[in-house]
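**Student:** Would you mind keeping the following structure in view while I ask a few things?
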Amino acid sequence: MKLRIIGATGATGREIVSHALTVGHAVTVLVRDSGKASFAGSVEKTMGDVLVPDTLDSCYRRQAPVITY
């Protein structure tokens, strides 16, 4: 399954990313700062901000479900 994870650079988000990769999901993360977005494994990164709605459009295309917390 392809997953988009918002909030992936926080402690909980990193755990979700790690688990998703472990069980074989394709993971894409939405990040504000690509410098904070270093993950083990193959993770696609896209830039955006949940406070700027125009940056979220790409978050909902070609990815389902979206995980946010």
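The values are calculated or read from the model by the stated rules, or taken from the named source; none is laboratory data. It should be emphasised that the depicted structure is a prediction, and the values quoted were computed from it without experimental measurement. Note: areas computed on protein heavy atoms with side chains; ligands, DNA, RNA excluded. Shrake-Rupley method; radii C 1.70, N 1.55, O 1.52, S 1.80 Å.
**Student:** When segment 21-49 is examined, which residues are found to be closer than 14 Å to GLY7 by Cα and polar (S, T, N, Q)?
**Tutor:** Across segment 21-49, the qualifying residues are THR28, SER34, SER38, THR46.
**Student:** In segment 14-48, which residues are at pLDDT 90 or above, in a helix (DSSP H, G or I) and open to solvent by less than 70 Å² (accessible area, probe 1.4 Å)?
**Tutor:** Selection gives ILE16, VAL17, SER18, ALA20, LEU21.
**Student:** I'd like to know if segment 50-66 contains one or more residues that are in a loop (DSSP other than H, G, I, E, B), within 9 Å of the chain's Cα centre (by Cα) and at pLDDT below 85. Break it down stepwise before answering.
**Tutor:** Just the residues of segment 50-66 that are in a loop (DSSP other than H, G, I, E, B), to begin with: 50-52, 61-65.
Next cut, within 9 Å of the chain's Cα centre (by Cα) only: none.
Scanning segment 50-66, I find no residue that is in a loop (DSSP other than H, G, I, E, B), within 9 Å of the chain's Cα centre (by Cα) and at pLDDT below 85, so the answer is no.
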